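*Asks:* One structure, as structure tokens, below. Some questions next.
The values are calculated or read from the model by the stated rules, or taken from the named source; none is laboratory data. No experiment lies behind these values; they were computed from the predicted model shown. Note that each Cβ is placed from the backbone with ideal geometry, even for glycine, and that neighbours are counted across all protein chains shown. Just the protein is used for accessible areas: all its heavy atoms, side chains included, with ligands, DNA and RNA removed. Shrake-Rupley method; radii C 1.70, N 1.55, O 1.52, S 1.80 Å.
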Amino acid sequence: MVTTHVLGYPRIGARRALKFALEAYWRGELDEAALLEQGRQVCAAQWAAQAEAGLGRITVGDFAFYDHVLDTALLFGVVPERFAAGSGSALERAFRMARGRARPGDPWETQACELTKWFDTNYHYLVPELEVDQRFTVDAEPWLTRWRAAQGLGRPLKGVLLGPLTFLWLAKPAGTPFDRLALLEPLLEAYAEVLERFGAAGVEWLQIDEPILGLDLPDAWRAAFARAYGRLAEAPAPRLLLASYFGRLAENRELLLSLPVAGVHVDAVRGGDDLERVADGLRADQVLSAGVIEGRNVWRADLSAWLDRLAPLYARLGERLWLGSSCSLLHVPLDLEAETRLDPAIRPWLAFARQKLDELAVLARALTDGREAVAEALAAADAALAARRASPLTVDPAVRERLAGLRPEDARRARPYPQRAPLQRARLGLGPLPTTTIGSFPQTEAIRRARAEHRAGRMAEDAYRAFMREQIRDAVERQERLGLDVLVHGEPERNDMVEYFGGLLDGMLVTEHGWVQSYGSRCVKPPIVYGDVRRPGPMTVRLDPPTRSR
Amino acid sequence: MLTGPVTLQQWSFVRDDLPRAEVARQLALCLRDEVADLEAAGIAVIQIDEPALREGLPLREADRPAYLEWAVQAFRLAAGGAADETQIHTHMCYSEFNDIIEHIAALDADVITIETSRSRMELLAAFEAFEYPNEIGPGVYDIHSPRVPTVEEMVELLLAAAARIPPQRLWVNPDCGLKTRSWEEVEPALANMVAAARIVREKLGLVRPAAAPA
């Protein structure tokens with residue numbers, strides 16, 4: 001049987017339950033016990049979904065209340081000096097690192113850690129801060145508590161942990177810059193201790209994430225991999241599944257294959273032919289996890305095409321072939337079933353996290369029991385893909401024609417900047433050092449309420465527009481009183497700078513519940529571009545007031 | 001205020017049956033038409049934001065030139081239809097763009113406002129190494145903090161910016177949009193910002209605008 005698994009699962013909960021619990025806790029309206037209970041429920045739901053889909057191993061350790069990089073820092077005692085003094089629970093300290101304060105009136109309020117983008121995604125992680133003489137300690141209890149809870153399911157599990165080199169790569173020196181690799185040896189001792197604890201707790205397989213293998217790495221960092229995994233291989237358990245994702249392995253492929261780990265995971269969606277090349281270099285006792293189900297997008301997979309690609313690998317590797325998501329499913333919405341208003345023609349083209357679990361299960365059965373064992377599921381996937389390819393919804397001949405007719409000068413203003421500038425200054429009547437703002441003004445409670453009422457159909461279009469015009473007039477008056485030179489309309493009508501336009505353009509759709517974690521409790525609802533994009537009519541003009549504003 | 005073609009697709013789930021460059025061009029045409037409608041309605045300044053331009057940069061160096069080429073072209077296609085008298089602004093909310101500053105210049109926006117609050121030194125260094133040809137508004141206060149910035153600190157920052165960027169191409173603005181703040185925080189902060197701009201105009205011996213309201 002082919003083992004199936006995912007690298008991670010959405011952790012915001014159904015209907016963003018964790019977001020609302022976190023925000024209630026931060027406002028002081030929910031106590032810690034209730035928040036922890038909500039966390040347990042989200043984990044239980046993650047595991048239940050994987051169990052229900054019949055995955056070979058259920059993934060444990062990918063949950064985090066705020067961020068998994070923060071949790072890795074806490075696991076190894078990487079807590080900046082300014083948070084060391086604060087009293088309270090471990091969770092309160094974690095929230096101080098994430099947001100500056102745990103709850104209103106927190107006497108230990110201080111400057112939060114920096115947030116930055118996780119590789120090329122729109123997820124943000126908290127940057128760990130390292131001292132030049134950083135000491136690492138181990139606090140594995142939060143991780144192990146979840147592991148023990150998952151053991152109660154009585155099913156095969158797999159743990160997840162961020163790897164030591166990616167952790168160091170993502171961290172930054174707290175003060176004067178220094179070579180972070182100088183901290184590798186002490187960090188490895190702490191990792192070894194964690195592995196020992198995990199092994200003792202019954203962790204057989206541990207997915208250890210090293211996505212920096214998809215980057216252009218300096219030689220010193222490449223060399224450090226052999227040292228790091230040589231040291232971690234000394235532990236008798238757990239077996240390590242070294243996971244690379246997001247980028248092509250390219251020159252790091254030989255490096256990956258040289259490491260003494262029990263298995264490797266390859267992103268087969270973004271990795272080009274990495275999958276086949278890694279299979280060629282695999283040692284006889286190693287597992288290869290093929291990351292075939294896309295963790296970065298929402299399209300239903302071409303299962304038949306994947307089976308064509310996987311069949312020769314399965315013939316060679318047998319049970320040593322695992323099937324997984326390309327990366328964590330953190331980056332896709334939870335469940336297509338929650339959508340009630342999707343165009344029935346488009347719905348079958350999509351797969352959110354929950355549907356992707358089923359896709360993995362179908363692929364695994366097709367490999368082990370033959371395609372006829374899942375003929376119905378494969379036929380449905382084939383039909384959906386064929387319908388999508390043939391659908392007039394995806395192609396707008398007028399758009400294609402216009403694009404084909406573009407000339408190079410269409411991407412150029414008529415005059416160069418030095419000639420435009422005096423024309424613009426004269427028109428705007430601007431003096432030196434003009435003052436302005438970036439575009440948006442406070443989204444007051446009244447504005448948010450009006451948008452929600454309008455969306456729910458409880459506020460009529462006319463009343464809504466009048467309300468928004470009034471907000472704009474108020475913002476303009478305030479700017480005039482302040483003496484700003486270039487005014488903005490303040491964007492009261494914009495829920496989000498992408499979703500707003502996504503809802504107005506043909507070829508794009510906005511879901512009801514397609515939320516994805518951006519950082520902490522902040523979620524975004526990315527629109528889906530399913531076809532050629534066309535503007536059916538003006539999107540911003542009717543609300544924008546005239547002259548000297550943008 | 002429009003969201004640029006690169007950001008619209010970077011923050012969407014994009015179809016996998018058409019190259020991303022093509023999707024960006026389609027989005028650019030939609031925005032180009034919106035720019036034309038805004039101009040027709042009498043709008044003289046149009047901002048097209050590209051906060052995700054940097055984050056879309058491919059992980060591997062070898063893939064970057066192709067991305068930057070189509071990303072810059074998409075922005076230019078969105079803005080390129082604007083009349084010369086229309087001022088195109090763009091905003092970038094990150095500071096790590098030393099490595100792509102030439103491509104940001106290639107966007108050819110008339111004015112770029114940038115988030116400089118957290119790493120001012122690094123950012124201004126980029127402008128020393130590469131002379132940005134158009135107008136720049138380095139954010140003079142951090143909107144992510146509820147603290148109201150003082151006139152003095154903003155004067156100091158503006159003078160520091162004016163030492164690196166010719167004052168005739170310098171704008172005065174906060175470092176990001178103000179939607180997450182309250183009016184109680186925004187109004188005193190902006191009043192201080194306007195006051196700081198007046199002081200710096202005088203200190204630098206620049207002519208004050210005739211019709212600035214009190």
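*Asks:* Hey, got a sec? Which GluC sites (Glu not before Pro) in segment A:26-68 land in a DSSP loop and have at most 15 other Cβ atoms within 10 Å?
*Replies:* Counting only loop positions with at most 15 other Cβ atoms within 10 Å, the GluC sites (Glu not before Pro) in segment A:26-68 are A:29.
*Asks:* Another question about this same structure. So what is the accessible area of segment A:422-461 per residue, in Å², with the probe set to 1.4 Å?
*Replies:* Values: 1840 Å² over 40 residues.
Solvent-accessible surface per residue comes out at 46 Å².
*Asks:* In units of 2.2 N^0.38 Å, what is the alpha-carbon radius of gyration of segment A:362-488?
*Replies:* Scaled against compact globular proteins, the figure is 1.96.
*Asks:* Scan segment A:281-332 for trypsin sites (Lys or Arg not before Pro) in coil per DSSP, keeping those whose Cβ has at most 15 other Cβ atoms within 10 Å, and list them by number.
*Replies:* A:283
*Asks:* For residue A:3, which sequence-distant residues (separation of 5 or more, or a different chain) have an amide H within less than 5 Å of its own amide H, given hydrogens modelled in the peptide plane?
*Replies:* A:323
*Asks:* Whenever you get a sec, compute what percent of the accessible area on segment A:66-120 sits on carbon and sulfur atoms (1.4 Å probe).
*Replies:* Here it works out to 47 percent.
*Asks:* Express the accessible area of segment B:24-93 per residue in Å², computed with a 1.4 Å probe while the remaining protein chains stay in the model.
*Replies:* 25
*Asks:* Specify whether the C-alpha gyration tensor of segment A:405-455 places it in the rounded, prolate or oblate class, a ≥ b ≥ c being the square roots of the eigenvalues: rounded for a/c under 1.5, otherwise prolate if a/b is larger than b/c and oblate if not.
*Replies:* Note, shape of segment A:405-455 comes out oblate.
*Asks:* Next question. So, counting K/R as plus one and D/E as minus one, what does the shell of residues with Cβ under 10 Å around residue A:163 add up to?
*Replies:* Net charge around residue A:163: -2.
*Asks:* Quote the total accessible area buried by chains A and B together, excluding ligands, DNA and RNA, probe 1.4 Å, nearest 100 Å². Before the final figure, lay out each step's value.
*Replies:* On the way: alone 25910 and 11740 Å², together 29230 Å².
Interface area, both chains combined: 8400 Å², rounded to the nearest 100.
*Asks:* Same structure again: Charges at C-beta only: +1 for Lys and Arg, -1 for Asp and Glu. How large is the resulting dipole of segment A:368-449 about its Cα centre, in Debye rounded to 20? Intermediate values should be presented prior to the final figure.
*Replies:* Working: 14 positive and 9 negative charges, 203 e Å.
The dipole magnitude comes to about 980 debye.
*Asks:* Can you pull the mean other chain C-beta count within 10 Å for peptide B:165-178? Don't skip to the end; give the middle numbers.
*Replies:* Numbers: counts 0, 0, 2, 4, 3, 3, 8, 8, 7, 4, 1, 4, 12, 11.
So the per-residue partner count for this stretch is 5.
*Asks:* Additional query: List the lysines whose Cα sits under 19 Å from the Cα of residue A:158, skipping any in the same chain fewer than 8 residues away.
*Replies:* A:356
*Asks:* Stick to Cα atoms and the Kirkwood definition of Rh, then tell me Rg/Rh for chain B.
*Replies:* Numbers: Rg = 18.0 Å, Rh = 18.4 Å.
Rounded to two decimals, Rg/Rh equals 0.98.
*Asks:* Could you pull the Cα extents of segment A:22-142 along its three principal axes, largest to smallest, in whole Å?
*Replies:* 46, 36, 29
*Asks:* Still on this model: Using only Cα atoms, what is the ratio of the radius of gyration of segment A:126-165 to 2.2 N^0.38 Å?
*Replies:* Expressed relative to 2.2 N^0.38 Å, the Cα Rg reads 1.62.
*Asks:* Give me Rg over Rh for segment A:1-75, both radii from the alpha carbons and Rh done the Kirkwood way, two decimal places.
*Replies:* 1.03
*Asks:* Quick one: Kirkwood hydrodynamic radius for segment A:37-88, alpha-carbon pairs, angstrom, one decimal?
*Replies:* Value: 13.2 Å, from the Cα pair sum.
*Asks:* Next up: What Kirkwood hydrodynamic radius do you get for segment A:401-550 when you take the inverse of the mean 1/r over all pairs of distinct Cα atoms, in Å?
*Replies:* So the Kirkwood estimate lands at 18.5 Å.
*Asks:* Take each of the peptides A:272-278, B:176-182, average the number of other beta-carbon atoms within 10 Å over its residues, and list them starting from the highest.
*Replies:* Result, highest mean Cβ count within 10 Å first: B:176-182, A:272-278.
*Asks:* In Å, what Rg and Dmax follow from the Cα atoms of chain A?
*Replies:* 26.2, 76
*Asks:* Straight-line reach from residue A:172: which lysines have a Cα under 24 Å away, not including same-chain ones fewer than 8 places off?
*Replies:* A:117
*Asks:* As a test of the formula, what do you get for chain A when each DSSP H run with n ≥ 4 contributes -39,500 (n - 2.57) and the sum is divided by the residue count, at 222 nm and rounded to the nearest 500 deg cm²/dmol?
*Replies:* Theoretical 222 nm ellipticity from helices: -12500 deg cm²/dmol.
*Asks:* Continuing with the same structure: Taking only the alpha carbons of segment A:93-233, what extent do you get along each of the three principal axes, in Å, biggest first?
*Replies:* Computed over the Cα atoms, the extents are 44, 42, 31 Å.
*Asks:* Something else: Using a 1.4 Å probe, what is the accessible area per residue for segment A:256-300, in Å²?
*Replies:* I get 29 Å² per residue for this part.
*Asks:* If you keep only loop residues by DSSP, which trypsin sites (Lys or Arg not before Pro) in segment B:129-176 have at most 10 other Cβ atoms within 10 Å of their Cβ?
*Replies:* On the way: sites: B:147, B:164, B:169; in loops: B:147, B:164.
Qualifying residues, ordered by number: B:147.
*Asks:* Can you list, largest first and rounded to whole Å, the semi-axes you get for segment A:195-308 by taking the square root of 5 times each eigenvalue of its Cα gyration tensor? Walk me through the numbers on the way to the answer.
*Replies:* Details: eigenvalues 120, 64, 34 Å².
Here the semi-axes work out to 24, 18, 13 Å.
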